[in-house]
1. Taking the simple approach of a point 7 Å from Cα along Cα-to-Cβ for both residue 259 and residue 218, what is their distance in nm?
2. So what is the calculated 222 nm ellipticity per residue for the chain, using -39500 (n - 2.57) for each DSSP H run with n of 4 or more, over all residues, to the nearest 500 deg cm²/dmol?
3. Taking the Cβ-Cβ separation of residue 39 and residue 79 as r and a Förster radius of 41 Å, what is the calculated FRET efficiency to the nearest 0.05?
4. Once label points are set 7 Å from the Cα along Cα→Cβ at both residue 88 and residue 110, what is their separation, rounded to one decimal in nm?
5. Expressed as a rounded percentage, what relative contact order does the chain have, with Cα pairs under 8 Å and six or more residues apart?
6. Just the number, please: percent antiparallel of the DSSP beta bridges in the stretch 156-281, rounded to the nearest 5.
7. Using a Gaussian network model of the chain whose springs link C-alpha atoms within less than 10 Å, name the residue from 45, 257, 25 with the highest mean-square fluctuation.
8. Starting from the Kirkwood Rh over alpha-carbon pairs, what translational D in µm² s⁻¹ does the chain have by Stokes-Einstein at 25 °C and 0.890 mPa s?
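Read the figures in this text as sums done on the coordinates, not as results from a lab. Quantities reported herein were computed from a predicted structural model and do not represent experimental measurements. Note: ideal-geometry Cβ built from the backbone for every residue, glycine included; neighbour counts use all protein chains shown.
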Amino acid sequence: MRDEAPDAEEPGRGKKTGGGVAFRRVLDGAAGVARLLWERGWAERNAGNLSCDVTDIVPLGLADDVPLTPLGVTYPELAGRHLLVTGAGSRMRDVASAPETWCGVLGFSEDGAAYGVGWQGRDGTAFTPTSELPSHLAIHAALRRRGVPPRAVVHTHPTELLALALEPGIGDEVRFNRLLWSLHPEMVVVVPTGVAVVPYVMPGTVEQGMAAGRAMETHDVALWLKHGAVAVGEDFGAAFDLLDTVNKAARLYLLCRSAGIVPEGLSDAEVEELRRAYGPRSLGRTGPTSRATT
Ligand SMILES: [Zn+2]
């Protein structure tokens, strides 16, 4: 088993790919977002998990003696790739202070049907990936099918978004997105493709993973009804930005309702005007709209 850190503790002394600095940046990004999730109150106990495709920056190969864990589902899109993931039971507040202790790197077999632990962090014990691994794998596979660059995935429990999602009938995706867009122009600019609404599925199951993967074939953010939300981005910070923006719209709505205000918000025509100006744009491309602020 290769249990060698990808130069995480020796920034600037990376191997042939220069992985040291880049891998340190990924760990720091995980720590930064983990802290935000904890401070937001979106990561009670060990809720929330993170992953990032690090294939191009971690020059790890699985040694011949690394035990492989069958996935039960084959992901040809992940064959030979490496994913950094948070560990089972890890608390976001702990990831924030010691990401190298609570993260590991999985390497996938050449047929995409199994994984081995390529780097098990600094904890000194065998690394076990997050129980939400099926969803992370299905989402990374979906992103590969979309042909976008390696991406980070953030799953968390945004409080106001989850509260709003408990409203009966909210599972109507068209209605839900129209509501969110109407509340905040930033929501249209930052999430022009809207939020996918995924019906409740038992957390941690392959079935939830499949549902999560399907949602992310067309969206960058998904609400998992009665559970949480997930987003993808160029890095952990970009994925967090999407969740933060969606939750802000939900918070505005709940604040209005709790104050007795019936929010008027943007009209459908005003939302469409914004969408024509700023998106939707396909995942993986950036353009002038990416720097737009409202
Ligand atoms: Zn969750």
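1. 3.6
2. Details: 10 runs with 114 residues, N = 294.
Calculated mean residue ellipticity at 222 nm is -12000 deg cm²/dmol.
3. 0.65
4. About 2.9 nm, to one decimal.
5. Details: 598 pairs, mean separation 52.9, N = 294.
So the answer I get is 18 percent.
6. Working: 5 of 9 bridges.
Taking every DSSP beta bridge with both residues in the stretch 156-281, the antiparallel ones total about 55 percent.
7. Judging by the Gaussian network model, the answer is 257.
8. D, rounded to a whole number, is 126 µm²/s.
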